[in-house]
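Trainee: Below is a structure I'd like to ask you about.
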């Protein structure tokens, strides 16, 4: 417990942008076949350091087959909430769930170079206390740490709907289910909120049998993956409205609300439109009368391709879908980054007008057909996937693996883990940094990135920009 | 020349100072007033929020002081009541020292329900208890010179005294919090929100212990 608030907590997104540059990044190390243990790589991001762009420490867990995917902090700028009157937590621990094992690791990164496991929560405890399985997204909120899950109870995670559970932010004890009235929500993926306005938005991927052993083509073509977003009264824990984006909009994944809590809008990325293979972004917003709305504001077309160059899954379509699998919004709410994992492109949209996004920059790297090399001449396996933006909005980092079994279906001949970085121009635009290229140890792929001191997909701000 | 800590003047100053002390503690809500002004984009939302917070705080003071104002009229038991009250305050201080967890209940309240939030925050932190020994001393026969009054007169005197204490305390609490909120809102900006935010938990708990011990000591 500190006497003063943690210096990495910021009242507003604006203030967070002025904070010192990140020195370290934390990135998932995934053993795709479970032959080795997963871990968290600590990457040196300080350009003045001798070990810049290298993995300087690894926390490898003792178990195998956990499948690390997303992770988050024990505390963020939400600690400065005026409601809590209690801003003295430390941003010190990473909450790292295994989405295959349902085991959760609490990793102490106070000294990044000596990061170590602080506590392990066994899967049985998650099952027993929550009725959920396959924990995924982490956010620190009003009553502790909120953890979204992808599965319900039972062996295949289909016994009851998945949802969110709450953990104590100091002891890491699991408290229990979040929902009091989930309405029609029966699948889960991401969630985020606006704390002062007291709403939460959640999204849907699919149930565990639809992803654990690979994408189920029949389910996709019959539109059985998630295609709804849910709006919640955050403190009443009640689903107040569900918007169906249309059943052809398969897999509504990342939810990115505007960081300025005065705004009542945000974005959601949709992986694929089954009618035309487009990827899309929906803007959601609240009307003056309090009703939530959503409208498709970005579409990205598939690229025609010779079936010989395509994996079995796509041969019949003679095209590569963009596969919008991650999006991230800069802290000034100006640029939305959209990872097109299938075609191997990272797009940068100016979303100053959230209803009319404009493509401002683009980088090509990897991709099913193009397989574009990094400017340093090296290979980039798979395509651009988990993307994270520095607080000041000037550096955009990303990795390449989507999910073990899906990587193998879409990129059957690829292997490897890379993390790269692009620099943002003063007036937008995006250019890969030739000198930043982290090649992961053999046998490991990479997924989500967290930046020391917070980044653009962790911190929730409780005060508006001024 | 020594100051008599039990003089009426000194006790009223204690009521005022405890109010300022509660007011500057972010745990009693001034950041909510800053937030209200900024979120609603109008300056008048700040004093409105302060008013709601004050109302909740006042209620929390009265809830604690009222039962004692009635009991204090039983002046055969006066000493025992004051001893008990002092020990209760010490116990609350010790509890807050040992249990350093933050009350989760406060996080469940809707951000717009400021009076309810303020009431519960004051209750959870034992804010009313901190006033109790001061109030009981103000009601004591020596201070009031009421040794020969009828119980009913005493009781109504005690009740109005309780209201006076709670109101004066709440006014100075609102002044303390209001000054900080206004300075941050109008001059310093939100950067100073985290800079002026100190962890008062231990100091707060110790204050309860000290005030409680003081109450017990005076009862003897």
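Coordinate-derived values only; no laboratory data. Source: prediction; values computed, not measured. Every residue, glycine as well, gets a Cβ built from its backbone with ideal geometry; the counts of neighbours run over all protein chains shown.
Trainee: Please arrange A:341, A:285 by how many other C-beta atoms lie within 10 Å of their C-beta, fewest to most. Walk me through the numbers on the way to the answer.
Mentor: Values: A:341 30, A:285 16.
Placing the least packed residue first, the sequence is A:285, A:341.
Trainee: Within 10 Å of each residue's Cβ, count the other Cβ atoms and sort A:4, A:434 from fewest upward. Intermediate values should be presented prior to the final figure.
Mentor: On the way: A:4 14, A:434 11.
The order, fewest Cβ neighbours first, is A:434, A:4.
Trainee: Give me the angle, in degrees from 0 to 90, between the Cα long axis of helix B:8-24 and the longest principal axis of the Cα atoms of chain B, rounded to the nearest 10.
Mentor: 20 degrees
Trainee: Still on this model: How far is helix B:114-124 tilted off the main Cα axis of chain B, in degrees rounded to 10, range 0 to 90?
Mentor: The answer is roughly 50 degrees.
Trainee: When only Cα pairs under 8 Å and 6 or more residues apart are kept, what is the percent relative contact order across chain A?
Mentor: On the way: 1371 pairs, mean separation 65.2, N = 466.
Relative contact order for chain A comes out at 14 percent.
Trainee: Post the alpha-carbon centroid distance, segment B:169-205 to segment A:224-281, in whole angstrom.
Mentor: 39 Å
Trainee: For chain B, find the longest principal axis of its Cα atoms and tell me its angle to the long axis of helix B:78-98, 0 to 90°, nearest 10.
Mentor: 30 degrees
Trainee: Using a Gaussian network model of chain B with C-alpha springs under 10 Å, which one of B:21, B:95, B:187 is most mobile by mean-square fluctuation?
Mentor: Answer for the Gaussian network model of chain B: B:187.
Trainee: Have a look at B:24, B:34, B:183 and tell me which one the Gaussian network model of chain B (Cα, springs below 10 Å) gives the largest fluctuation.
Mentor: B:183
Trainee: Now for a separate question. Hey, what did segment A:4-123 get for relative contact order, percent, Cα under 8 Å, at least 6 apart?
Mentor: Working: 253 pairs, mean separation 26.3, N = 120.
Reported relative contact order: 22 percent.
Trainee: Just to be sure I understand the model, the point goes 7 Å from the Cα along the line to the Cβ. What's the resulting residue A:213 to residue A:301 distance in nm?
Mentor: If labels sit at residue A:213 and residue A:301, their model points lie 3.8 nm apart.
Trainee: Continuing with the same structure: If you build a Gaussian network model of chain B, linking Cα atoms that sit under 10 Å apart, which residue out of B:166, B:122, B:182 swings the most?
Mentor: B:182
Trainee: Right, something else. Sketch the reach of a paramagnetic label on residue B:198 as a point 7 Å from Cα along Cα-to-Cβ, and name the residues of segment B:85-124 whose backbone nitrogen lies under 19 Å away.
Mentor: B:97
Trainee: Take B:180, B:210 and order them by how many other Cβ atoms sit within 10 Å, fewest up front.
Mentor: Details: B:180 23, B:210 15.
Lowest to highest Cβ neighbour count: B:210, B:180.
Trainee: Suppose only helical runs count, i.e. DSSP H with n ≥ 4. What mean residue ellipticity at 222 nm does that imply for the protein assembly as shown under -39500 (n - 2.57) per run, divided by all residues and rounded to the nearest 500 deg cm²/dmol? Let's see the in-between values first.
Mentor: On the way: 15 runs with 188 residues, N = 686.
Using -39500 (n - 2.57) per qualifying helix, the result is -8500 deg cm²/dmol.
Trainee: A further question on this structure: Starting from the exponent 0.38 and prefactor 2.2 Å, build the expected Rg for segment B:8-219 from its residue count and divide its actual Cα Rg by it. The partial results should precede the final answer.
Mentor: Values: Rg = 17.9 Å, N = 212, 2.2 N^0.38 = 16.8 Å.
Ratio of Rg to 2.2 N^0.38 Å for segment B:8-219: 1.06.
Trainee: Return a whole-number percent for the relative contact order of segment A:55-123, with Cα pairs under 8 Å and 6 or more residues apart as the contact set. Don't jump to the answer; show the numbers that get you there.
Mentor: Values: 119 pairs, mean separation 21.2, N = 69.
Over segment A:55-123, the number comes to 31 percent.
Trainee: While we're on this one: With the Cα gyration tensor of the protein assembly as shown in hand, give its eigenvalues times 5 under a square root as the equivalent ellipsoid semi-axes, listed largest first in whole angstrom.
Mentor: Details: eigenvalues 604, 108, 107 Å².
One finds semi-axes of 55, 23, 23 Å for the protein assembly as shown.
Trainee: OK, next. Other chains' Cβ within 10 Å of A:72-80 residues: what's the mean?
Mentor: Values: counts 0, 0, 0, 0, 0, 1, 0, 1, 7.
Mean partner shielding for this stretch: 1.
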